[in-house]
Amino acid sequence: MKNYLLTALFCISASLLAQQKTVITIYPDKGTQVIPKEIYGQFAEHLGTCIYGGIWVGEDSPIPNTSGYRTDVLNALRELKVPVIRWPGGCFADEYHWMDGIGPREKRPTMVNTNWGGTIEDNSFGTHEFLNFCELVGAEPYISGNVGSGTVEEMAKWVEYMTSDGDSPMANLRRENGRDKPWKVKYFGVGNESWGCGGNMRPEFYADLYRQYQTYCRNYGNNRLYKVASGASDYDYNWTDVLMKNAARHMHGLSLHYYTVKGWSGSKGAATQFTEDDFYWTMGKALEIEDVIKKHIDIMDKYDPQKRVGLLLDEWGTWWDEEPGTIGGHLYQQNALRDAFVASLTFDVFHKYTDRLTMANIAQMVNVLQAMILTNDKGGMVLTPTYHVFNMYKVHQDATYLPMDIQTDKKNVRDNRVVPLLSSTASKDKSGVIHISLSNVDARNSQEVMIELPDVNQRTIKGSILTSANLTDHNTFENPKKVEIAPFNGVSKTKNGLVVKLPAKSIVTLSFQ
């Protein structure tokens, strides 16, 4: 009898738990932190067809272009309001010698891209091409300097070439190459992954090297550099501790890299062939970025309680196996609805920590890893599900983050991770419009979400949704609109807020004017 009662009570409690509605309480008057637009930054490396064929086709290409840049890609990036683009790497940055990429293109030397497939790099896309591209997109450039195989003099001259307006050797060389006025370059990275492909250094050694190299990265005229030290890979907290202890006063920012990846040996799994269990594992791995960010921030707070030094998560995203039939080492992967959820959940985390987190750059912009855009040499272009998340979330750029409480069910997944079945973030922009983004992570079930928000009944609602029949769905050149944004009308007003009916595996953004 006792066992029967316990079983009955367990069944009743489980039933009540299953029926529990998700409740979000938003505090619109408690928001103080601004979500910097740079959180939505991009990353473009000389890797595969990210640059050549993805961004740059040259003025003589039959593919429609604007001064050599693909016009369709330019327009797609402008639509996203891309705030900042990191270049030329990545691992490529520490074997890139910038003077090989200036002057007449036909006279530029070639090199072997030893990091990425042994491809021959012709240097036709160099400093002028990149910085002019940033101007066309409307984005800030973020330059990664060569510490691994470059010299202090080489880095110092690059800064002078780009930013000096004086009668100096490098500024005059820039003028000879067709650019009279200097570019505005704010963000400058002193090396990349110096613990690995950037030189396999110990943190103590790199801290001293950083101090040396950054000394000669001068401010010319009105240009003010924001110097970024090469930071840790995900769980390497000692690297952050050593860098902050020994070099914090010489830096403006410290980088961090985190990939949603199964591991660095063996198969990483296919981008479009996976199980529901794989999907939930991916959500757990993506969300673990929050714990990583918090631990690095705690270390930075120990040495910099005023939060002067920014944390830049300048490489993040999914990393799957390369698509069959593509060139090895070019990291071309497809992009499914699952990747869109990695993006939305990651942004929901980023928004919480912008008192320290000042920039993030997804890897990468075109044709590489978790790309916004896929292109081919026939002139085709595909906007990925991840692109659509960036488009839906751009309303949060430079808006004030609104704190919230979320009551939602959770799911235990592989590797002892726990995944909330609803993720959300909210902000208020400069015109007073409140934006709420919601992700129903439940692969099978819809959710009814109660949002407690004062005075919402006085506002008009506009909504958009990203979903598809299957988590593996993705866009192709043959079917480029299988996963795309659609209007969303599943919202009703109540006395104390809103009720939102979210379909399974859906991402929604609501705006209240």
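The values are calculated or read from the model by the stated rules, or taken from the named source; none is laboratory data. As the structure is a computational prediction, the values presented were derived from the model and not from experiment. Backbone-built Cβ (ideal geometry, glycine too); neighbour counts: all protein chains shown. Please note that ligands, DNA and RNA were not included when accessible areas were found on the heavy atoms of the full protein model with its side chains. Shrake-Rupley method; radii C 1.70, N 1.55, O 1.52, S 1.80 Å.
On full extension of the chain, what length is gained from Glu154 through Glu276, given 0.36 nm per residue of separation minus the C-alpha to C-alpha distance?
Gain on extension, Glu154 to Glu276, equals 38.9 nm.
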(message) Placing unit charges on C-beta atoms (Lys and Arg positive, Asp and Glu negative, everything else neutral), compute the dipole magnitude of the chain about its Cα centre in debye, rounded to 20.
(response) 1580
(request) For the chain, with all protein chains present and a 1.4 Å probe, just round the carbon and sulfur fraction of the accessible area to a whole percent. (result) 50
(message) Nearest 500 deg cm²/dmol is fine: what mean residue ellipticity at 222 nm does the chain get from its DSSP H runs of n ≥ 4 alone, each adding -39,500 (n - 2.57), divided by its residue count?
(response) -8000 deg cm²/dmol
(request) Could you give me the radius of gyration and the Dmax of segment 142-225, taking only the C-alpha atoms into account and expressing both in angstrom? (result) 13.7, 42
(request) Pop a pseudo-label 7 angstrom from the Cα along the beta-carbon direction at both Asp398 and Lys481 and give the gap in nm to one decimal. (result) 3.2
(request) Could you state the accessible area per residue of the chain in Å², with a 1.4 Å probe and every protein chain left in place? (result) 41
(request) Give me the accessible area of His97, 1.4 Å probe, in Å² rounded to the nearest 10. (result) 60
(request) Evaluate the Debye formula for segment 393-513 with equal point scatterers sitting on the alpha carbons, no solvent, and hand back log10 of I(q)/I(0) at q = 0.15 Å⁻¹, in q order, two decimals. (result) -0.75
(request) Pull out the extension gain between Arg444 and Glu135, defined as 0.36 nm times the separation in residues minus the alpha carbon to alpha carbon distance; nm, one decimal. (result) 106.8 nm
(request) For Lys411, put the label point 7 Å out on the Cα→Cβ axis and report which residues of segment 438-482 keep their amide N under 20 Å from it. (result) 438-450, 466-474
(request) Order Arg211, Arg459, Arg202, Arg249, most accessible first, counting only protein heavy atoms with a 1.4 angstrom probe. (result) Arg249, Arg202, Arg211, Arg459
(message) Among Pro420, Leu383, Gln407, whose Cα projects farthest towards the positive end of the dipole of segment 317-435, with charges put on the beta-carbon of Lys, Arg (+1) and Asp, Glu (-1)?
(response) Gln407
(message) What distance in nm lies between label points placed 7 Å from Cα along the C-beta direction at Glu323 and Glu204?
(response) 4.8
(request) Calculate one ³J(HN,Hα) per residue across segment 459-471 by plugging θ = phi - 60° into the Karplus curve 6.51 cos²θ - 1.76 cosθ + 1.60, and present them in order as whole Hz with x for glycine and proline. (result) 10, 8, 10, 10, x, 9, 9, 10, 7, 6, 5, 10, 5
(message) Give me, ordered by chain and number, the residues 5 or more places off Ala371 or on other chains with an amide H under 5 Å from its own placed amide H.
(response) Gln364
(message) Given the whole protein assembly as supplied and a 1.4 Å probe, what does the accessible area of Lys428 come to in Å², nearest 10?
(response) 60
(request) Could you grab the Rg to Rh ratio for segment 289-402? Cα atoms only, Kirkwood for Rh. (result) 1.04
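Using a 1.4 angstrom probe with every protein chain in place, what is the largest-first accessible-area order of Trp87, Trp264?
The residues order as Trp264, Trp87, largest area first.
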(message) Roughly how far apart, in whole Å, are the Cα centres of segment 130-169 and segment 370-439?
(response) 32
(message) What figure, in Å² to the nearest 10, do you get for the accessible area of Arg308 with a 1.4 Å probe and non-protein molecules left out?
(response) 120
(message) Rounded, prolate or oblate, given the Cα gyration tensor of the chain, with a/c below 1.5 counting as rounded?
(response) prolate
(message) Can you give me the distance in nm between label points at Asp291 and Val34, each placed 7 Å from the Cα along the Cα-to-Cβ direction?
(response) 3.4
(message) Per 0.36 nm of contour for each residue apart, how much would the distance between Asp165 and Asn470 grow if the chain were fully extended, relative to their Cα-Cα spacing?
(response) 104.3 nm
